[in-house]
């Protein structure tokens with residue numbers, strides 16, 4: 001799971017507002033976001049950090 005995020009370029013640096021933001025916790029969430037990214041042309045890394053899929 002962690003390797004998927006790291007290979008997509010997602011990091012865990014703390015921002016000024018209390019944490020790195022949303023990160024998927026399960027492989028099901030990763031698959032859901034990959035499907036969304038592929039279907040909508042959104043970069044996979046951006047889809048991974050979305051809290052909710054539209």
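The values are calculated or read from the model by the stated rules, or taken from the named source; none is laboratory data. Remember, predicted model here, so these are calculated numbers, not experimental data. Note: ideal-geometry Cβ built from the backbone for every residue, glycine included; neighbour counts use all protein chains shown.
The set of residues in region 34-54 being at pLDDT 90 or above and assigned to a loop (DSSP other than H, G, I, E, B) consists of 41, 42, 43. Filtered by the rule that a residue be exposed (fewer than 15 other Cβ atoms within 10 Å of the Cβ) and modelled with pLDDT under 90, region 16-28 gives 16, 17, 18, 19, 20, 21, 22, 25, 26, 27. For the residues 31, 11, the requirement of being over 8 Å from the mean Cα position of the chain (by Cα) and at pLDDT 85 or above singles out 31.
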